[in-house]
1. Surrounded by 14 or more Cβ atoms within 10 Å (Cβ to Cβ) and in contact with an Asp or Glu (Cβ under 6 Å, 6 or more places away or on another chain): which single residue out of 27, 12, 45, 5 fits that description?
2. Would you mind telling me which numbered condition in (1) more than 20 Å from residue 4 (Cβ to Cβ); (2) touching a Pro at 6+ places or on another chain (Cβ under 8 Å); (3) crowded, with 20+ Cβ neighbours inside 10 Å residue 64 fails?
3. How many residues does region 237-248 contain that are in contact (Cβ under 8 Å) with a residue 12 or more places away in the chain, assigned to a loop (DSSP other than H, G, I, E, B) and either over 14 Å from the mean Cα position of the chain (by Cα) or on the phi > 0 side of the Ramachandran plot (or both)?
4. How many residues are within 26 Å of residue 245 (Cα to Cα) and modelled with pLDDT of 70 or more if we restrict to region 298-313?
5. In region 120-136, is there at least one residue being surrounded by fewer than 18 Cβ atoms within 10 Å (Cβ to Cβ), within 18 Å of the chain's Cα centre (by Cα) and not aromatic (Phe, Trp, Tyr)?
6. Does residue 192 qualify as being more than 14 Å from residue 103 (Cβ to Cβ) and at pLDDT 95 or above?
7. With within 28 Å of residue 14 (Cα to Cα), part of a loop (DSSP other than H, G, I, E, B) and in contact (Cβ under 8 Å) with a residue 60 or more places away in the chain as the only criterion, which of 71, 106, 110 stands out?
Amino acid sequence: MNITGLETLVFGVEDLAGCRQYLLDYGLEPSEHDPDRLEALDGSGVVLRPASMAGLPDAPQGCPLRKTVLGVADAATLQAIAEELGRDREVKRLPDGSIESVDDSGFAIGFQISQRKPLHLLGEVSNAPGSPIQRAANQLGVVAGRGRIQPRALSHIVYFVPDVAKAEAFYTQRLGYRVTDRFDGVGPFMQPAGSLEHHSHFLIGAPAFMQGVEHFTFHFGGPTEVIQNGNRFIEAGYQAFWGPGRHIFGSNWFWYFNSPLGCHVEMDADMDLHDNTWTPRNTSISADASQAFLLRRRDKWMPGPGTSHDGDYAA
């Protein structure tokens, strides 16, 4: 199945205005067609709807995520998915040409021919001595007073599921996903066949009452954007949950924040790419296995007379 990745996450929320402002402050922009659709630069995004809105798909109890929409490469893939899922569950054909069904964990899933816009933007480049890829002369790595930072593309989502083996089998056997890495006793990172990114889904085994979303995230242009945007987010009054740091599986830079959407929201950058020659890694989860390093955020300061090495004034 030539599934290319995430396109849209649909949430049903109580505080529509608060959730919308959160995503605007995060860096998403309103769609010109729907003010409650907030988009990244490639057009992937999040749709917010009132929790009580009629017609929203059902969700696991208490989960505000009402549908995960995946992109596919072409009409033939869309038809193949409809036929495959139609063997044992309802598949709805919607007026916009997409299809809608449900996975084996009870999450509503949609599929559409990908509507992501191609991006032609330079990502962050490091001037490492000896590297054949360098910034051009006079091209600055940091621009003072830079304006709004926007995420580039919807990256991945993490589900809490009561039966990891069943959930994994659905995505690998029915939809053609590959497992790229695995935390033993926790769950797999999974990549759709039409993408090289390390994962679009990570499944975490959890009790049934916890079923839902742990976090979702968008890609930014590099670690500098993650750090700068994360600092601005904190200055706007939002609370950090974990980070900043860098993961080992996927290698992506990360910074997680609490949100009013009923889950955490991450900012990430620089995820690994893998093709089908990659051999998945398996390891037990631990602090050392989940991150290469973790940083502590603090307000800016300047060293000077009377300051100690850690920035605090000496007694």
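The values are calculated or read from the model by the stated rules, or taken from the named source; none is laboratory data. Quick caveat: nothing in here was measured; it's all calculated off a predicted structure. Glycine gets a Cβ as well: all are built from the backbone with ideal geometry, and neighbour counts include every protein chain shown.
1. Values: 27 fails: in contact with an Asp or Glu (Cβ under 6 Å, 6 or more places away or on another chain); 12 fails: in contact with an Asp or Glu (Cβ under 6 Å, 6 or more places away or on another chain); 5 fails: in contact with an Asp or Glu (Cβ under 6 Å, 6 or more places away or on another chain).
Only one candidate passes the filter, namely 45.
2. (2)
3. Initially, region 237-248 is screened for residues in contact (Cβ under 8 Å) with a residue 12 or more places away in the chain, giving 238-248.
Subsequent filtering for residues that are assigned to a loop (DSSP other than H, G, I, E, B) retains 238-239, 247-248.
Now drop any that are not either over 14 Å from the mean Cα position of the chain (by Cα) or on the phi > 0 side of the Ramachandran plot (or both), which leaves 238-239, 248.
The number of residues fulfilling the criteria is 3.
4. Within region 298-313, the first condition is being within 26 Å of residue 245 (Cα to Cα), and the residues that meet it are 298-303, 308-312.
Among the residues that remain, those that are also modelled with pLDDT of 70 or more are: 298-303.
The number of residues fulfilling the criteria is 6.
5. The first filter runs over region 120-136 and keeps only residues surrounded by fewer than 18 Cβ atoms within 10 Å (Cβ to Cβ), leaving 120-136.
Subsequent filtering for residues that are within 18 Å of the chain's Cα centre (by Cα) retains 123.
Within this subset, residues satisfying the condition of being not aromatic (Phe, Trp, Tyr) are 123.
Yes, region 120-136 contains at least one residue that is surrounded by fewer than 18 Cβ atoms within 10 Å (Cβ to Cβ), within 18 Å of the chain's Cα centre (by Cα) and not aromatic (Phe, Trp, Tyr).
6. On the way: more than 14 Å from residue 103 (Cβ to Cβ): no; at pLDDT 95 or above: yes.
Here the answer is no, as residue 192 does not meet what is asked.
7. Numbers: 71 fails: part of a loop (DSSP other than H, G, I, E, B); 110 fails: part of a loop (DSSP other than H, G, I, E, B).
Only one candidate qualifies: 106.
This table checks each residue for (1) closer than 28 Å to residue 17 by Cα; (2) in a helix (DSSP H, G or I); (3) without any contact (Cβ under 8 Å) to a residue 40 or more places away in the chain; (4) not polar (S, T, N, Q).
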position: 232; (1), (2), (3), (4): yes, yes, no, yes
position: 250; (1), (2), (3), (4): no, no, no, yes
position: 282; (1), (2), (3), (4): no, no, no, no
position: 300; (1), (2), (3), (4): no, no, yes, yes
